[in-house]
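Visitor: To start, I am sharing the structure in question, which I have written as structure tokens.
Values quoted throughout were computed directly from the atomic coordinates according to the rules given, and no laboratory measurement underlies them. What you are looking at is a predicted structure, and each value in this text was computed from that prediction instead of being measured. Backbone-built Cβ (ideal geometry, glycine too); neighbour counts: all protein chains shown.
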Amino acid sequence: MARRKRRKIIKPKPLSMPKVYQCPRCGAETLSIQFKKIKGESFHKLAIVKCGTCKLYLELTVPQVFTEIDVYGKVIDLANEGRLEEMIGEHTLGSEEE
Ligand SMILES: [Zn+2]
């Protein structure tokens, strides 16, 4: 009787990347991050951070290589430094529609 040992390979479940993050201002997980190209800029891009709950709206110029996670880290840093509101105020120039 051949003893065959079958190794079970357990694959970790692929964690689906959440599209939304926890908002540092209101705590709800409704923070979305989008990227926009900046005209004439090849090294930077515009990160648009929006919260669907408290209507936080933030625009940050970040390096081209930045990912959503990097931007989120920046937002958290700003919040920790108490500069989040200041950043929001500076960039809210009325409603800009496409
Ligand atoms: Zn919020």
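Visitor: Provide the net charge surrounding Val62, with neighbours chosen by a C-beta distance below 14 Å and charges set as Lys +1, Arg +1, Asp -1, Glu -1.
Guide: -1
Visitor: May I pose another question? At 4 °C and a viscosity of 1.567 mPa s, what translational diffusion coefficient does Stokes-Einstein give for the stretch 20-91, taking Rh as the Kirkwood radius over Cα pairs? Give it in µm²/s as a whole number.
Guide: Approximately 106 µm²/s, per Stokes-Einstein.
Visitor: Expressed in nm to one decimal, what extension gain is obtained for the pair Asp77 and Lys37 from 0.36 nm per residue of sequence separation less their Cα-Cα distance?
Guide: Length difference between fully extended and current span is 12.1 nm.
Visitor: Excluding residues fewer than 8 places away in the same chain, name every one of the lysines whose C-alpha is closer than 22 Å to that of Lys74.
Guide: Lys19, Lys36, Lys37, Lys45, Lys50, Lys55
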